[in-house]
Structures are given as C-alpha cells and as structure tokens.
C-alpha cells in the first residue's frame, strides 16, 4: 500500500480530513567538527490524516518525533521532504497572504506555559498579540479580551497582570485564550497538560473538550500520557522512532492493540484499581528506543520485539489496514 | 506604575538609593556651578601656591587660580564625558549586537570577528594614542571612548538577543503569525531594555575613569577644567613635592565618589531589572 492509497483508505474510514500528512520527513543534521556526520531522523516518512472536527491523539515515547511532527504541520520548521495539506492546500507552498491566512486558521498550544508567555507582557497584551500580529481591527479590544478570558475560565480582574502571577493551569488557559483570539479551525496541542498538576490537568482537558464542542475545532493532541490521550482522542496514531506504527479509532486501539510496541506501551500504563491491575496481562518492557541517528535496519522495533522474525531484521514493514479503519505497520499483519 | 514600583524598590535597596543621591548631588553641583563657585576658575584670584584660607578654601595653584572653583567646574567635564562616552558605547554596542543577533549567519560572523579585533586592543594604550592623534578635546575623548568601548556591550546584546530569539514565546508568536518586525518591536526591544540600562550606568564609570586618566596624562581638553587635569597640574607643578595635599586629595576624592555613585546605582538597577539577583 503506498501512501496515496493509505490516505484514501483513511479518508474513507475516518472521514473528511482537515489536515493530510503525506510522507513527511524531517532529518536534523548532526554537525561534526568539519562536516555533517549524520542525521537525526526525527520524522521519517509519516502519513496520516486529522479528520475535521475530531481529535487525533499522537502518542509515543520522548524523542519519537511527536513534537517535530506537530511543528512541521504548522510550518514552524521546514520539512526535509513530504507534504502537508491543510484544507486541500499544500502549506509548504504557501506565501505571503495565503501563509498568514493559514497561520490564522492553524494554531499551537505549547507544552510549557511558563516559557510560552513573554514575562514582560500583561495578559491583555499577550491575548492581543495575534490580533496585532495580523493587524486585525477590533472594535473594543478590552471587551474582546475579557470575553476570551471568560471563555477559558478567567475574568477581567486578570487583565493587567503578568504571567508570573499565575499558576501553571491559569497560564495554560491564557495560552489557549491567545490562540482562540484568531478563531482558528485547527489547533495542535503539544502536551498541553504535561507540565501541570494532575488535578489541574483534568480542568484544562475538559475546557479543551468544551471549546471543541462549542467551536467545532479540530485537534491534533500530542502526548505521552496514554490516559490523557484516551480521554481526549477520537483517533490515535502511535509513533515509534519517527514512524507511525499503528493508527485507528481510539477505543479500538486501546481495547485491541495490534502492534507489539503498542501492546508494550499500554502495558506500562498504570491501572488505578489494584484488583484490575492483577487481571491485566503482563507484557515485559524490554530495552529502550535506539538512537534515531542510526535506526536499526528493517523494522525499527525488532531489537525490542519478542515476536521478531527474520524478515523484521531485513525489511521495513509497511503500514497496512489490518482491520477496517485499523492500520498497523508490522510483519505479523502484512503480506510478506 | 513603573515609577511607584521603582520608589518601592528604592526604599529597601540602600545601595541604589545612596548611588542615586550621590549622582543627584553631583549633577546639581555641575548645573549650578557658576552660582556656587567663589571665583572664576580661569581667573587669577590670589597669590600662587596659597594654602587653604578663608578666601581660598582649598588654596590656589601655581598661577593663582582658586582650586575649589576648579574642582566644582571639573564635575561638568567628568559628567559630560562620562554620560556621553557611555552613550556612544551603548549605542554602537546595541546596534552591532542587535544586527548580529537578529541576522545571524555571515553577518553575525563578520560583526563578531570585528568585535573580537577591537576587544583585544589594549584599551587605555589605544585611547591614549587615539586622543594624541586626534588632538585633545572633549569630543575627541568621547569619540575615542566610543570607538574602543563598545565590543563587550555588543557581545552581551548579541547573546541576549539570540536567547530571546530562540525562546518559546517568540516561537509562539511566530506560530500566531507574527512577522520579524512585530517580534522585534514587542519581544526583542522590550527584552533588551532591562539589560541596557544598568550596563549604561556601569559604563559611565569606565568612561569617567578614562577621562580622568587621559587628563592626568596631559591629554585632557586644555579649555576645560577637569579633575584629572587638576591632578596633572598638581603633579607637574610640584604639589606633591611641596606637600600641598589640598591640591591633590580633593580631585582624587571627587573621581572616586563619582565612580562609586554610578557603580552603586548601576549595581542597584541590575538588581531591580533582574529579580533573580534580588535578595
């Protein structure tokens, strides 16, 4: 199955796409003293779609290329190769006004709310930032900002305060309000809750869900926290070393994971109920992800995989549809 | 809002407050010099080499100029050269650091090598050569201080701009669709001000000391009195040999106090703008 066919399958089962990612690659050069001595293959040929009005959860361990993928989709960095289509348009070919239009529709909420807000700006200035950057005229800026603050659960008393006066959760609310100012259609949420306390996480997640329902937003939710992803996502894509190894509807992937890596990942998920935990099948977590500078040949997971066969060491498995709407890249499911 | 915050800071920061008071007193002294000096500093108003007396509180020099009057007028030269010389350094330093930091690449490389070259030139030696070549005048001294004093500021500004440029909130602004001029105006410039103000005040100290040093070596502006020049004449006209401490100690003290004043203020402002230094 080539990536075109794959995308078409995904469209037919997941629905109309907001974002289409085709064969996206990003290699970062590793500089030696005199020359480039290798490449970090952060994202190495991923294809997927984010269906309109839905949430796609992108999961994987640290360093597997999740965040790089998110940054590529918003064109914060340029890809080595591949395409991203937003509303059918190739975003890497956009220029000038068209690019600005794209920047208005597609937004990002960053992981660290302590770093993503300028410490010298007041909340008012922070939320007005996108409006000023796009030179949009707003009748009553103060009222406009206060309305956004209400929408994220803050109020007008917070208007002229500085970021350091807020808790992590409140800062993330400010970051969300800033993003909403432009009335975007698509938001990349890059681990929006991983810097927050567990009790605050739930509040932020519920707020994001409410906003999605109210405004019909499409989310790409990047996280390593499986519980959070399960709660948020309609569809899930699992990444390992720059590749997508499994993708499908959230419930199905969680209930019936196919790829050995996904199984291992889910096995590492803590279960709150100790009686439930006992019932859970034990899958041993072996080793750690190899370096993305020199990924292993064949299937990238084979050194850690208990089902590894000869072919896994030689040939890379393609992403295939194992069941309807459930895609997996593993020789256990692909035709050899 | 900013003013009230600063006053509150002054209240518990004795360092800043004392620096500010020293500088205010000196500045007022320089401004109203013609009204508080007992004599014209350039006029012969008494016998030569007179010791302190009721007519001449600090005595007179070899020609009969009143030393106290010269001392008071000297503050004008020191403050002028100090503030303008430092302004020159900061201006050039900020422009070069900013351009290098923002542009990056080849421009950065060229500007930074230029900075390195100026940085390794022995400062005081080259200032002496430059002033001797250009001719001793206040403006030439200011120019020389500017030409040689900017590199460390340029380096500082560059590294700070680079760290701002790669900060997450600048990336966030870019993802919101902000262009370069917006980021410069709203993130980079406001971020630089707390760095530049204390650096400026601290550079004034260097500038004042350089002027004093040059004047002491006889390279001062002959038409203006300055503390360094008082010391220069004291030395060549035999004040040290005659034990005329009233000719030697006061200008030395004034230089020290002025330098100290700016140093205290600069250190205090550094603390004010960078709360991490606050105790």
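The values are calculated or read from the model by the stated rules, or taken from the named source; none is laboratory data. Keep in mind it's a predicted model, so treat the numbers as computed, not measured. Glycine also receives a Cβ, built like all others from the backbone with ideal geometry; neighbour counts cover every protein chain displayed.
Condition check ((1) assigned to a helix (DSSP H, G or I); (2) free of Cβ contacts under 8 Å to residues at least 40 places away in the same chain; (3) touching a strand residue (DSSP E or B) at 6+ places or on another chain (Cβ under 7 Å); (4) on the phi > 0 side of the Ramachandran plot) across all residues:
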residue	(1), (2), (3), (4)
B:29	yes, no, no, no
B:39	no, yes, yes, no
B:55	no, yes, no, no
B:62	no, no, no, no
B:82	yes, no, no, no
B:93	yes, no, no, no
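If we only count helices (runs of 4 or more DSSP H) wholly inside region A:226-300, which ones have 2 or more residues that are closer than 17 Å to residue A:329 by Cβ?
A:250-255, A:260-267
How many residues are outside any strand (DSSP E or B), in contact with a helix residue (DSSP H, G or I) (Cβ under 8 Å, 6 or more places away or on another chain) and at pLDDT 85 or above if we restrict to region A:1-46?
Adding up the residues that qualify gives 0.
Take the conditions closer than 24 Å to residue A:132 by Cβ and loosely packed, with under 15 Cβ neighbours inside 10 Å and apply them to residue B:166. Does it pass?
It is true that residue B:166 is closer than 24 Å to residue A:132 by Cβ and loosely packed, with under 15 Cβ neighbours inside 10 Å.
Out of the residues in region B:143-169 meeting the condition of being more than 26 Å from residue B:205 (Cβ to Cβ) and touching a residue at least 24 places away in the same chain (Cβ under 8 Å), tell me which one is nearest to the other protein chains (Cβ to nearest Cβ).
Among residues in region B:143-169 that are more than 26 Å from residue B:205 (Cβ to Cβ) and touching a residue at least 24 places away in the same chain (Cβ under 8 Å), the one nearest to the other protein chains (Cβ to nearest Cβ) is B:164.
If you go through region B:216-233, how many residues are assigned to a helix (DSSP H, G or I) and touching a residue at least 24 places away in the same chain (Cβ under 8 Å)?
Adding up the residues that qualify gives 5.
Checking residue B:18 against (1) out of contact with any strand residue (DSSP E or B) (no Cβ under 7 Å at 6 or more places or on another chain); (2) surrounded by 17 or more Cβ atoms within 10 Å (Cβ to Cβ), which test does it fail?
Only one criterion in (1) out of contact with any strand residue (DSSP E or B) (no Cβ under 7 Å at 6 or more places or on another chain); (2) surrounded by 17 or more Cβ atoms within 10 Å (Cβ to Cβ) is unmet by residue B:18, namely (2).
Starting from region A:227-242, keep only residues that are without any contact (Cβ under 8 Å) to a residue 12 or more places away in the chain, then list their pairs with residues that are part of a strand (DSSP E or B) and crowded, with 24+ Cβ neighbours inside 10 Å whose Cβ atoms are within a distance under 7 Å, requiring at least 6 positions of separation or different chains.
No pair meets every condition.
For a quick check of your reading of the model, give me the residue pairs whose first member lies in region A:96-112 and is without any contact (Cβ under 8 Å) to a residue 60 or more places away in the chain, whose second is crowded, with 18+ Cβ neighbours inside 10 Å and in a helix (DSSP H, G or I), with beta-carbon atoms closer than 6 Å and at least 6 apart or on different chains.
Listed by first residue and then by second, the contacts come to A:102/A:91.
Being in a helix (DSSP H, G or I) and more than 9 Å from chain B (Cβ to nearest Cβ): is that true of residue A:146 here?
Criteria met by residue A:146.
Inspect all residues belonging to region A:179-192 and state whether any of them is touching a strand residue (DSSP E or B) at 6+ places or on another chain (Cβ under 6 Å), in a helix (DSSP H, G or I), within 14 Å of chain B (Cβ to nearest Cβ) and buried (at least 24 other Cβ atoms within 10 Å of the Cβ).
Yes - at least one qualifying residue is present in region A:179-192.
So for region A:64-73 (the condition being surrounded by fewer than 16 Cβ atoms within 10 Å (Cβ to Cβ), within 14 Å of chain B (Cβ to nearest Cβ) and either in contact with a helix residue (DSSP H, G or I) (Cβ under 9 Å, 6 or more places away or on another chain) or under 24 Å from residue A:131 (Cα atoms) (or both)), does at least one residue qualify?
For region A:64-73, residues surrounded by fewer than 16 Cβ atoms within 10 Å (Cβ to Cβ), within 14 Å of chain B (Cβ to nearest Cβ) and either in contact with a helix residue (DSSP H, G or I) (Cβ under 9 Å, 6 or more places away or on another chain) or under 24 Å from residue A:131 (Cα atoms) (or both): absent.
Looking at this structure, is residue A:160 assigned to a helix (DSSP H, G or I) and either at pLDDT 90 or above or more than 25 Å from the chain's Cα centre (by Cα) (or both)?
no
Can you name the residue in region B:56-78 that is more than 14 Å from residue B:251 (Cα to Cα) and crowded, with 21+ Cβ neighbours inside 10 Å and, of all such residues, is modelled with the highest pLDDT?
B:65
Determine which single condition residue A:42 fails, assuming it passes every other condition in (1) surrounded by 18 or more Cβ atoms within 10 Å (Cβ to Cβ); (2) within 14 Å of chain B (Cβ to nearest Cβ); (3) within 23 Å of the chain's Cα centre (by Cα).
(2)
Just one of the numbered conditions (1) within 29 Å of residue A:22 (Cα to Cα); (2) in contact with a helix residue (DSSP H, G or I) (Cβ under 9 Å, 6 or more places away or on another chain) is not true of residue A:125; which one?
(1)
Can you name the condition, by its number, that residue A:136 falls short on among (1) more than 7 Å from every other protein chain (Cβ to nearest Cβ); (2) modelled with pLDDT of 90 or more; (3) under 13 Å from residue A:181 (Cβ atoms)?
(2)
Has region A:150-157 got any residue that is away from chain B (no Cβ under 14 Å), over 23 Å from residue A:213 (Cβ atoms) and either part of a helix (DSSP H, G or I) or touching a residue at least 24 places away in the same chain (Cβ under 8 Å) (or both)?
yes
Can you tell me which residues in region A:97-124 are crowded, with 24+ Cβ neighbours inside 10 Å, in a loop (DSSP other than H, G, I, E, B) and more than 9 Å from chain B (Cβ to nearest Cβ)?
Within region A:97-124, A:113 is the sole residue that qualifies.
Consider residue A:247 against the criteria (1) surrounded by fewer than 24 Cβ atoms within 10 Å (Cβ to Cβ); (2) in contact (Cβ under 8 Å) with a residue 40 or more places away in the chain: it satisfies all of them except one. Which criterion is unmet?
Evaluating residue A:247 over (1) surrounded by fewer than 24 Cβ atoms within 10 Å (Cβ to Cβ); (2) in contact (Cβ under 8 Å) with a residue 40 or more places away in the chain leaves (1) as the failure.
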